[in-house]
1. Taking the conditions exactly as written (more than 30 Å from GLN268 (Cα to Cα) and modelled with pLDDT of 90 or more), does LEU28 satisfy them or not?
2. Please go through the stretch 49-61 and pick out each residue that is crowded, with 21+ Cβ neighbours inside 10 Å and either modelled with pLDDT of 90 or more or in contact with a helix residue (DSSP H, G or I) (Cβ under 9 Å, 6 or more places away or on another chain) (or both).
3. Determine which single condition LYS65 fails, assuming it passes every other condition in (1) closer than 26 Å to ALA164 by Cα; (2) in contact (Cβ under 8 Å) with a residue 40 or more places away in the chain.
4. Looking at GLY87, GLY76, which is the one that is in a strand (DSSP E or B), more than 18 Å from the chain's Cα centre (by Cα) and assigned by TED's automatic domain parsing to the domain that holds SER43?
5. For the stretch 34-63, enumerate the residues that are within 20 Å of ILE272 (Cβ to Cβ) and either among the hydroxyl-bearing types (Ser, Thr, Tyr) or not assigned by TED's automatic domain parsing to the domain that holds PHE221 (or both).
6. Within the stretch 62-77, can you find the residues that are in contact with an Asp or Glu (Cβ under 8 Å, 6 or more places away or on another chain) and either buried (at least 19 other Cβ atoms within 10 Å of the Cβ) or under 23 Å from LEU115 (Cβ atoms) (or both)?
7. So in the stretch 201-249, with the set limited to residues that are under 22 Å from ALA184 (Cβ atoms) and of a type in the set (Lys, Arg), which one is surrounded by the fewest Cβ atoms within 10 Å (Cβ to Cβ)?
8. Surrounded by 13 or more Cβ atoms within 10 Å (Cβ to Cβ) and farther than 27 Å from ILE40 by Cβ, is that true of GLN162?
Amino acid sequence: MAQPARQPGAAAAPDQARPFVVFDSVSLAYDESGNAIEDISLSIHEGEFVAFVGPSGCGKSTFMKLCTGLRPPTRGTVEVDGKPVKGPLKISGMAFQNATLLPWRTTLDNVLLPLEIVEPYRRRFRRDRAQFVEQAMALLRTVGLEGYEHQYPWQLSGGMQQRASICRALIHEPRLLMLDEPFASLDAFTREELWCVLRDLWESQRFTVVLVTHDLREAVFLADTVYVMSKRPGRILDEHAIGLDRPRSLEVTYSEPFTNLVHSLRSQIGEIRGQ
């Protein structure tokens, strides 16, 4: 199936010849109590959508910190785009369970925030503000927030705040998007609606996504590959390729192949928790 045309400034087409993210025998210990994650080796290709699931405390969020350079590994190496990760990555964007919008800034100004503080955008923010506002407005239209750009966070619903948070994570056109339980605090209908928003953004731009989630339906609906982690110290126990056709509609969540994948993951994680 042909891929949709990219917008100007979007990342280059995925290069499947060389992995984009590489973990080689990576372990991390926060303190003397032992490793949070242990001996993780895996590769993620550019444009791939991967999800990590597992019991609480298994190190899913720790993986994200290592991937973005917020924590160095105790042992092993992490590479992104062919280079060792030695500090925070400028090519990454992040969204979390709580939208963490600044309450004194409007929706538009919250979305623009990364461009005010991240180079090379920071140095030209005042000069090119009109262009950046146009980019932000285009993102807000994409996620259904047109008309709310001048509202403050307290004037938005939880789902609207999370839409704005995703726009903020994408405004600087990152090649790597890290999502840490981004929809966990939302009701079921809003959560599924935002799955589709994220699906459409990814289908149009094909940035690389690492999703950490406890929602197995979410993982199967969105991801190309789902990694199952053990209890602490977190290790990769299994890798599930999600062979469902794309683009995926919500109707697929009622299909037998989908429910079989979810039940398989649930059984596996249940066994891990019971060990």
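1. No.
2. Answer for the stretch 49-61, where residues must be crowded, with 21+ Cβ neighbours inside 10 Å and either modelled with pLDDT of 90 or more or in contact with a helix residue (DSSP H, G or I) (Cβ under 9 Å, 6 or more places away or on another chain) (or both): PHE49, VAL50, ALA51, PHE52, VAL53, GLY54, CYS58.
3. That leaves (2) as the condition not met.
4. GLY76 is the lone residue from the list that is in a strand (DSSP E or B), more than 18 Å from the chain's Cα centre (by Cα) and assigned by TED's automatic domain parsing to the domain that holds SER43.
5. SER41, SER56, SER61, THR62
6. MET64
7. Restricting to residues being under 22 Å from ALA184 (Cβ atoms) and of a type in the set (Lys, Arg), the top hit is LYS231.
8. yes
The values are calculated or read from the model by the stated rules, or taken from the named source; none is laboratory data. Small disclaimer: the values here were computed from a predicted structure and weren't measured. For neighbour counting, all protein chains shown are included, and Cβ atoms are generated from backbone atoms with ideal geometry for every residue, glycine included.
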